[in-house]
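A quick write-up on the structure given underneath.
The values are calculated or read from the model by the stated rules, or taken from the named source; none is laboratory data. It should be emphasised that the depicted structure is a prediction, and the values quoted were computed from it without experimental measurement. All Cβ positions, glycine included, derive from the backbone under ideal geometry; neighbour counts span all protein chains shown.
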Amino acid sequence: MNRTTHTEGAELRPFAERVTERRVGPCRLLALPTPAQSVVTWRGSFMSFPEFDSDEDLLQHMVVSLLDKGTRRLDRFAVAELLENRGAQVDFSSDGLYVDLSGRALKEDVPDVLGLVAEQLRDPLFDEEEFEKARARIAASIQRSMENTGSQASGSLTRHLYTRTHPNYTPEPAERLERLESIELPDVRAYHERHFGSNAFTLAVVGDIDEDEIVEAVASHFAGWSEHEAPAHYTSKADRSRAGRSVVPIPDRQNVDVRMGHPVAFRRTDPDYIPAYLATYVLGGNFSARLMQTIRDEMGLTYGIGAGLYGVSAEYSGHWQVAVTLSGENVDRGIEETMRQVRLFVDEGVTNEELSDKKTTVVGSFQVGLATTSGLASSLLKNAERGFDVGYLDRFPDEVEAVTREFANAVIARHLEPDDLHIAMAGTVEAPMDAAASP
């Protein structure tokens, strides 16, 4: 059945009846009018295809960090003034294969602000001084991550589950810093020239919109923005699973962060994804999940533990992961008890009561995410990136509700293998005899 969705206090028709989808020049435009008076929000993306084994994702990060620092027509002060005078907001971010853009403006200012967005994407200034500032900011962020036990444990795990050509692979921080230092401004300009274009360019616009005005603005400002010719250069699945242990030593830490994981074979579009997501939510999705109730509440071994699917997209598969923070004296026991609960979960599966409870939570969270223009625009964009039609947003709650205990447990048995888990640790901990230094 199709469900109605409450958006900003109003009961509305199904998305399939409310969203207008059309091709406007190089753009796939999704437009959704809502009762949000005078305000328009948008989310967009295009595929850039960085070469991950050449650390081009770092170059992409550099380009994105400079997009709001001026165009060849407007310096950064003029850009800031244009936005401030209109009370508008524009942001850019880098997300693996994609470059994302987002914004918010008053209805009457949308054409001008979208014009600025197009100019920033197509004709950025790339000022030398701003380039050096951006390099310093990124270097500081990498250095901070080297002291973060959670970040280091997660990064170590990905280096054991993926090859360098997979978007989920996280290079060593020291390697990133060395690569960052070697990047020059001409490299940034060359990456922009080669990888920024209208490939799979999608824009979701939500709010108090005049659809004809939006179409005219997009057609005008993005006309002639052609696709780039950089090929898709990435591995779509994790092709190795190295069970064992690795340690990233970080001195003087009271707590140790532990990540346990192995690759999964499915993508977001696979029929097994939703039952796998629900089942993993039963194991460690929130405070009422099994791991919290046992490892935290009953045994008192941790303040935080959870499980989930990570890095699973429409383009590539990801991994199943359990994350736990343990005090130094509880590391061995905490890992042992966590593994015990994981094995029980895989052996016994989920109960009808657990599955029903998590279905309610997941559907409720999904519907809450549709309660604002920002959430609606994000959902429309992600849905489009995954290759689903607009009506999938109407069907998703019913797909969740349709998952049976038998199907969920079959998916657990098919995809989750406790013996294949790699255990990555970061903090002040002695490496066990069977542990490898973190690659």
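Some observations on this one:
- When segment 419-431 is limited to residues that are surrounded by 15 or more Cβ atoms within 10 Å (Cβ to Cβ) and either of a type in the set (G, A, S) or at pLDDT below 95 (or both), the one that is nearest to R343 (Cα to Cα) turns out to be A424.
Residue-wise test of (1) assigned by TED's automatic domain parsing to the domain that holds A371; (2) aromatic (F, W, Y); (3) within 29 Å of R386 (Cα to Cα); (4) out of contact with any Leu (no Cβ under 6 Å at 6 or more places or on another chain).
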{"site": "E227", "(1), (2), (3), (4)": "no, no, yes, yes"}
{"site": "Q254", "(1), (2), (3), (4)": "yes, no, no, yes"}
{"site": "R259", "(1), (2), (3), (4)": "yes, no, yes, no"}
{"site": "G300", "(1), (2), (3), (4)": "yes, no, no, yes"}
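- Elements of the type strands (runs of 3 or more DSSP E) sitting completely within segment 1-65 and holding at least 3 residues that are at pLDDT 95 or above: these cover 20-24, 27-33, 39-47.
- All conditions in (1) touching a residue at least 40 places away in the same chain (Cβ under 8 Å); (2) in the same structural domain as W42 (by TED's automatic domain parsing); (3) not in a strand (DSSP E or B) hold for N286, with the sole exception of (2).
- For segment 71-106, a tally of residues being in contact (Cβ under 8 Å) with a residue 12 or more places away in the chain, closer than 24 Å to I214 by Cα and either not charged (D, E, K, R) or not in a helix (DSSP H, G or I) (or both) returns 22.
- L97 vs. criteria buried (at least 19 other Cβ atoms within 10 Å of the Cβ) and within 21 Å of the chain's Cα centre (by Cα): yes
- Of all residues in segment 333-350, none that is more than 12 Å from N409 (Cα to Cα) has its Cβ atom under 6 Å from the Cβ atom of a residue that is crowded, with 19+ Cβ neighbours inside 10 Å and hydroxyl-bearing (S, T, Y), 6 or more apart or on another chain.
- Evaluation of V248 against (1) outside the structural domain of R18 (by TED's automatic domain parsing); (2) surrounded by fewer than 21 Cβ atoms within 10 Å (Cβ to Cβ) (one fails), failing number: (2)
- Residue check: P231 meets all listed conditions (1) in contact with a helix residue (DSSP H, G or I) (Cβ under 6 Å, 6 or more places away or on another chain); (2) closer than 26 Å to P26 by Cα but one, namely (1).
- Some residue of segment 253-272 being closer than 19 Å to D419 by Cα, modelled with pLDDT of 95 or more and touching a Lys or Arg at 6+ places or on another chain (Cβ under 8 Å): yes
- Extreme residue, nearest to V390 (Cα to Cα), among residues of segment 201-224 that are surrounded by fewer than 18 Cβ atoms within 10 Å (Cβ to Cβ) and not charged (D, E, K, R): A219
- Segment 116-168, subset of a type in the set (A, V, I, L, M) and part of a loop (DSSP other than H, G, I, E, B), residue nearest to R245 (Cα to Cα): M146
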